[in-house]
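Any read-out appearing in this document is the output of simple, stated calculations on the displayed coordinates, not a laboratory observation. Values in this document were obtained by computation on a predicted structure and should not be read as measured data. Note that each Cβ is placed from the backbone with ideal geometry, even for glycine, and that neighbours are counted across all protein chains shown.
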Amino acid sequence: MTERFPVLVTGGAGYIGSHAVLALLDADWPVIVLDNLSTGFRWAVPEAATFVQGDVADAPLVEAVIREHGVRAIIHFAGSIIVPESVVNPLKYYQNNTAKSLSLIGSAVATGVRHFIFSSTAATYGVPQEVPIPEGAANQPINPYGTSKLMTELMLRDVSAAHPINYCALRYFNVAGADPAGRSGQSTAGATHLIKVACEAATGKRASVGVFGTDFPTDDGTGVRDYIHVSDLADAHVKALEALIADTASSHVVNCGYGHGYSVLEVLDAVDRVTNLKITRVFEARRAGDPPALVSQNQVIRERFGWAPARDDLDGIIKDALAWERKLAERSVSA
Ligand SMILES: NC(=O)c1ccc[n+]([C@@H]2O[C@H](COP(=O)([O-])OP(=O)(O)OC[C@H]3O[C@@H](n4cnc5c(N)ncnc54)[C@H](O)[C@@H]3O)[C@@H](O)[C@H]2O)c1
């Protein structure tokens, strides 16, 4: 078994980070969460993790935390994630996702951290020439969000060549669902993720769901995406950590998806089926920069990390997301 040492998780009070914290704790890794709570929630961090409220670019704080706890690996989730916002406010994204990642990577190098795992995105590909998308496809992001993430990947590539640190950039496709045991889920207000939005409609938090574009070159004309259960994604981080430790000479850039996609209408049909409701669909024009289909090739993560999906089931993803949405509704009633 791999020797356990403390892992610093930035953004661990957020949606995906909180699930990764659970997966790490479940696998007996000591965890320190660093989060400024700009979009995350203190209550989303389990008792068993140490919590530090602060910014990833506060180098004196970050370096003190690393030294105090003997951190040897960082998993970096903290960032800003809304693509349309990145178009109207690009500097926010270059600041929070790129410049602050630079500071964090600098703190890692200064303190001798050996391994760095980074939340990247399928948005680094832009509009793909080939679907399913292989990791070797051209990186041509079409929005500042994707560019801000790609720049961090490139910094990690160059820093790992110059310093004794290896890295893994995980390019997430569409993340959905919630912890099947009900310990965490997506709690962000105003989220734009389709399954989250549809579950909000199913629980009466919104009246309808927008379908953006019905004239894409796909089977039913709506956009196709590769939905990955957040717990399978969390598991990919644990496996990436083990792989970085097992071979310190190697770094990795890997897709995280199931290798097949569903259209917007297929997802909404599934939500209707799971909930026994007929959620109102409002058909609207395509949004600028929405590719017709984003589906991953996932051989690399399977072969290098021995990762395999355990929850590749759209109805199951929706059931877990819905159960969390109902919990959130109870929480807001009792608050
Ligand atoms: N949700 C998706 O489908 C998706 C897809 C691809 C990539 N990602 C990436 O995954 C990561 C996590 O996304 P999420 O959906 O969990 O978002 P989230 O907003 O729920 O989580 C982000 C967390 O980071 C914290 N944070 C933000 N800036 C910070 C800073 N400067 N210092 C300290 N903490 C900070 C927030 O408070 C929050 O807890 C992001 O980097 C995002 O770009 C998400």
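Kirkwood hydrodynamic radius (Cα pairs, Å) of the stretch 152-236?
Working: mean 1/r = 0.0623 Å⁻¹.
Roughly 16.1 Å, rounded to one decimal.
Semi-axes of the equivalent ellipsoid of the stretch 53-111 are 25, 10, 9 Å, computed as sqrt(5λ) over the eigenvalues of the C-alpha gyration tensor in descending order. Comparing Ala13, Ala201, Ala73 in a Gaussian network model of the chain, where Cα atoms under 10 Å apart are tied by springs, the biggest mean-square fluctuation is seen for Ala201.
Over 27 Å apart: what share of the alpha carbon pairs of the stretch 86-224 falls there, rounded to a whole percent?
Values: 3572 of 9591 pairs.
Of the Cα pairs, 37 percent sit more than 27 Å apart.
With the convex hull drawn around the C-alpha atoms of the stretch 79-150, the volume per residue stands at 90 Å³.
Highest mobility in the GNM of the chain, judged by mean-square fluctuation with C-alpha springs under 10 Å and restricted to His237, His229, His252, is found for His252. When all alpha carbon pairs of the stretch 7-83 are counted in 10 Å bins from zero, the resulting P(r) reads 21, 57, 21, 1 %. The count of lysine pairs in the chain whose Cα atoms are under 21 Å apart, excluding pairs fewer than 8 places apart on the same chain, comes to 12.
Using all Cα-Cα distances in the stretch 252-304, what percent lands in each 10 angstrom bin from 0 up to the longest? Reading upward from the zero bin: 20, 33, 31, 15, 2.
Computed 3J(HN,Hα) for the stretch 145-156, one whole-Hz value per residue from the Karplus formula 6.51 cos²θ - 1.76 cosθ + 1.60 where θ = phi - 60°, is 4, x, 5, 4, 6, 4, 4, 5, 4, 5, 4, 5, glycine and proline marked x. Sorted ascending by nearby beta carbons within 10 Å, beginning with the fewest, Asp215, Asp320 become Asp215, Asp320. For the chain, the share of alpha carbon pairs falling in successive 10 Å distance bins from zero is 6, 26, 36, 24, 7, 1 percent.
In this entry, the stretch 1-52 is assigned a mean projected area of 3.2 nm², taken as a quarter of its C-alpha convex hull surface. Each eigenvalue of the Cα gyration tensor of the stretch 1-145, multiplied by 5 and square-rooted, gives one semi-axis; in descending order these are 27, 18, 15 Å. Both the radius of gyration and Dmax for the stretch 137-296 are 18.2, 56 Å, in that order, over alpha-carbon atoms. By the Stokes-Einstein formula, at 1.306 mPa s and 10 °C, the stretch 213-335 with its Kirkwood radius over alpha-carbon pairs has D equal to 94 µm²/s. Where in the chain lies the longest segment free of trypsin sites (Lys or Arg not before Pro) that are both loop residues by DSSP (not H, G, I, E, B) and have at most 13 other Cβ atoms within 10 Å? No qualifying site falls inside 5-277, the longest such stretch.
Amide H contacts of Ser80: Asn97, each under 5 Å away and 5 or more positions distant or on a separate chain (H built 1.01 Å from N in the peptide plane; Pro and chain starts excluded). Using a 10 angstrom cutoff on alpha carbons, build the Gaussian network for the chain and name the most mobile of Phe283, Phe118, Phe51. Result: Phe283 has the largest fluctuation of those listed. Taking the three principal axes of the alpha carbon atoms in the stretch 186-251, the coordinate ranges are 50, 32, 15 Å, sorted in descending order.
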